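S.K.: First the structure, which I've put down as structure tokens, then a few questions once you've had a look.
The values are calculated or read from the model by the stated rules, or taken from the named source; none is laboratory data. Only a predicted model underlies this, so the values are computations on that prediction, with no experimental measurement involved. Glycine also receives a Cβ, built like all others from the backbone with ideal geometry; neighbour counts cover every protein chain displayed.
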Amino acid sequence: MRLKELAVGVAATAMLGAGFVSGAQQVSAAAWHKGSPKLFIGTWKSDGYPLYKFTANKITVYGKGGGTSKAMYKYLGHKKYTVKYKVQGYHYKETFTYVDSHKLKGHGFNLTR
């Protein structure tokens, strides 16, 4: 009788442990999201000239080699976002820091509305 209870206890513990090990899933909070961050929607300028226009799903890049494409973004924390897009066959990935509703910081440049 005692041996039978011990065997059932060991089997139950083994199944419970296996459930915890196999039930653990890796979840990545830093996933790429489709579209543009809601905070970025609108036209962003540098020195009075438009450089970027973000809509809900697309980004338009003005200037030499510009164009429109679908956008994807990743939130990096502390109001930092990485936006990736493809224009004229080239893939781009740029990091922006949201300062306030009228200012964005890029890598080496500032943007205003």
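S.K.: Which of the residues belonging to the range 43-64 are loosely packed, with under 14 Cβ neighbours inside 10 Å and under 19 Å from HIS33 (Cβ atoms)?
M.R.: ALA56, ASN57
S.K.: Same structure, new question: With the range 65-109 as the region, which strands (runs of 3 or more DSSP E) entirely inside it contain at least 1 residues that are loosely packed, with under 13 Cβ neighbours inside 10 Å? Can you show your working first?
M.R.: Details: elements: 67-77, 80-87, 90-100, 103-105.
The qualifying strands (runs of 3 or more DSSP E) are 67-77, 90-100.
S.K.: Of the residues TYR49, TYR73, which single one is on the phi < 0 side of the Ramachandran plot and at pLDDT 95 or above? Give the steps one after another, and end with the answer.
M.R.: On the way: TYR49 fails: at pLDDT 95 or above.
From the options TYR49, TYR73, the qualifying one is TYR73.
S.K.: Could you list, ordered by first residue, the pairs with Cβ atoms under 8 Å in which the first is in the range 55-74 and free of Cβ contacts under 8 Å to residues at least 12 places away in the same chain and the second is assigned to a loop (DSSP other than H, G, I, E, B) and not β-branched (Val, Ile, Thr), at least 6 apart or interchain?
M.R.: From residues that are free of Cβ contacts under 8 Å to residues at least 12 places away in the same chain, the pairs are THR60/GLY66.
S.K.: If you go through the range 29-36 one residue at a time, do you hit one that is surrounded by 10 or more Cβ atoms within 10 Å (Cβ to Cβ) and under 18 Å from SER101 (Cβ atoms)?
M.R.: Yes - at least one qualifying residue is present in the range 29-36.
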